[in-house]
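The values are calculated or read from the model by the stated rules, or taken from the named source; none is laboratory data. Since the structure is predicted, the reported quantities are computational estimates derived from the model, not experimental observations. So basically every Cβ, Gly included, is an ideal-geometry build from the backbone, and we count neighbours across all protein chains shown. For the accessible areas, the whole protein counts, side chains as well, though only heavy atoms, and no ligand, DNA or RNA atoms are used. Shrake-Rupley method; radii C 1.70, N 1.55, O 1.52, S 1.80 Å.
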Amino acid sequence: MTRIPGLQSGFAWWLPIVTAVVAALIAVLVSQSSVSAWDADVHLWARDGADATEYAALLLDADVQEAATSRMMATEDGLPVIDGVGVELTDTLIKLTVRSSRQADAESLAVSLAHAAVSESIVRYGDESGLDMLGLVRPGARKVSPATELAAAWASAAGLIGGLLFAWLVATQAKSPSTMLGRLGRIGLRPVAVISAEAEQAANQAVPAPSGLTVGATQERGSATDDAVLLANAINPVSGIVAFVPLDDDSAVTATLMQSARTLAARGRSMIWLDGRRPAFEIEYGPPPIWLSGTPWSPIERWELVLRSALRAGRRGGTVLLLTDPLSDADTSEIAQAAAGVILMARADASDEQLVHAQLLLGRARLLGVALTHAQEPDLRDFELAQMSD
């Protein structure tokens, strides 16, 4: 499996740092491109005369605001411009907030607008006017846009969280192989061959199905990744009984196994094929006669009959390739425990739970590996790459 550079224990620790820095830089660039805005605050007191809301309304009057700007000194850019006005009332205390694009203009416009409102209140209410300006809430104007530092902080936090999530996804993907071969390795099983449905179909057309005890000989095909050759390589170091145990009824690959036997025969090995699947070795025993006495009699178990036949064939100087019933059969486990080696045949779409359960059922059997059947293209490609790396 290809590891992403910089991964440490499968986790891209550097990724959250990169995303946080990039997000902060983007936030700074975006905020710097926005128009500047400055706010200045002035307090006024409605001590007498009209209601405080009426005095507050003067601050929002367009004519009063125009009078305030006309009193300002023009620059080369023209008269200062009021970009926004906010008014807050707390009983008789009025807080005026004026926004402008320049810091000096915001403070001057706030004071000018407050004076213009006081003058307008005297015009409207005469001596009964009781609106006074108390002064600036704080000296100088405060910057409200762009909030570069705040934007960078929030963006950095969001980038950090996003980077952590992405790194977690990358690590999860790295730890969860997408192909069956990766899952086998994680469970602790060794793949010895990967056989596609097309390959088995072609083998069935090329090789007749065996029956009974068979000794075969053929020429080995040249491809190093040939399915039969790979199975033969797994069988080659074992002497005695090699049991092929299908995980289920759909796992058997009879023709490919037969080709493997012929491949080993071509290498000079004495190979004996024994098909132990039902209905073979199913013998009906009737009850013992009533006159039989002595040691209690019991019929021979089917698995014991299969093993006796395999051992008898092996004593004639050959390695016995024994094809068994599916692993769920009660006799299969006994045969696997007594065999010199076991190859589990499983479909490539078998679940992790099925494979782990198979390990438990095989128990102390010498498991040589797993032959995958009905494999897909990713499994075939990964297995070929693994053979090349070996």
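Hey, does region 139-146 have a residue that's at pLDDT 80 or above and over 51 Å from the mean Cα position of the chain (by Cα)?
Checked against the condition, which is being at pLDDT 80 or above and over 51 Å from the mean Cα position of the chain (by Cα), region 139-146 yields at least one hit.
Answer with yes or no whether Asp61 is open to solvent by 30 Å² or more (accessible area, probe 1.4 Å), more than 60 Å from the chain's Cα centre (by Cα) and of a type outside the set (A, V, I, L, M, F, W, C). Talk me through it step by step, then tell me what you get.
Values: open to solvent by 30 Å² or more (accessible area, probe 1.4 Å): yes; more than 60 Å from the chain's Cα centre (by Cα): yes; of a type outside the set (A, V, I, L, M, F, W, C): yes.
In short, yes.
What pairs come up if the first residue lies in region 121-138 and is free of Cβ contacts under 8 Å to residues at least 12 places away in the same chain and within 14 Å of Arg47 (Cα to Cα), the second is surrounded by 16 or more Cβ atoms within 10 Å (Cβ to Cβ) and hydroxyl-bearing (Ser, Thr, Tyr), and their beta carbons are under 7 Å apart, counting only those six or more places apart or on different chains?
So the pair list comes out as Ile122/Ser129.
Given the criterion modelled with pLDDT of 80 or more and open to solvent by 60 Å² or more (accessible area, probe 1.4 Å), identify the matching residue among Pro279, Pro246, Pro299. Before the answer, list the steps.
On the way: Pro246 fails: open to solvent by 60 Å² or more (accessible area, probe 1.4 Å); Pro299 fails: modelled with pLDDT of 80 or more.
Unique residue meeting the criteria: Pro279.
If you check Glu88 against the conditions, is it in a strand (DSSP E or B) and among the acidic types (Asp, Glu)?
yes
For region 328-339, how many residues are touching a helix residue (DSSP H, G or I) at 6+ places or on another chain (Cβ under 7 Å) and open to solvent by 10 Å² or more (accessible area, probe 1.4 Å)?
4
Do we find a residue being part of a loop (DSSP other than H, G, I, E, B), modelled with pLDDT under 60 and of a type in the set (Gly, Ala, Ser) anywhere in region 195-209?
yes
For region 1-47, name all the residues that are modelled with pLDDT of 85 or more and open to solvent by 60 Å² or more (accessible area, probe 1.4 Å).
Those that are modelled with pLDDT of 85 or more and open to solvent by 60 Å² or more (accessible area, probe 1.4 Å): Trp45, Arg47.
Can you find, within region 66-109, the residue that is least open to solvent (accessible area, probe 1.4 Å) among those that are at pLDDT below 85 and of a type in the set (Asp, Glu)?
Asp77
Among the residues in region 348-366, are any within 28 Å of the chain's Cα centre (by Cα), in a loop (DSSP other than H, G, I, E, B) and closer than 20 Å to Gln259 by Cβ?
yes
Would you confirm whether any residue within region 66-81 is in contact with a His (Cβ under 8 Å, 6 or more places away or on another chain) and part of a helix (DSSP H, G or I)? Break it down stepwise before answering.
The first filter runs over region 66-81 and keeps only residues in contact with a His (Cβ under 8 Å, 6 or more places away or on another chain), leaving 68, 71.
Within this subset, residues satisfying the condition of being part of a helix (DSSP H, G or I) are 68.
Within region 66-81, one or more residues are in contact with a His (Cβ under 8 Å, 6 or more places away or on another chain) and part of a helix (DSSP H, G or I).
Of all residues in region 228-256, count the ones that are closer than 22 Å to Ser196 by Cβ, outside any loop (DSSP other than H, G, I, E, B) and touching a helix residue (DSSP H, G or I) at 6+ places or on another chain (Cβ under 7 Å).
9
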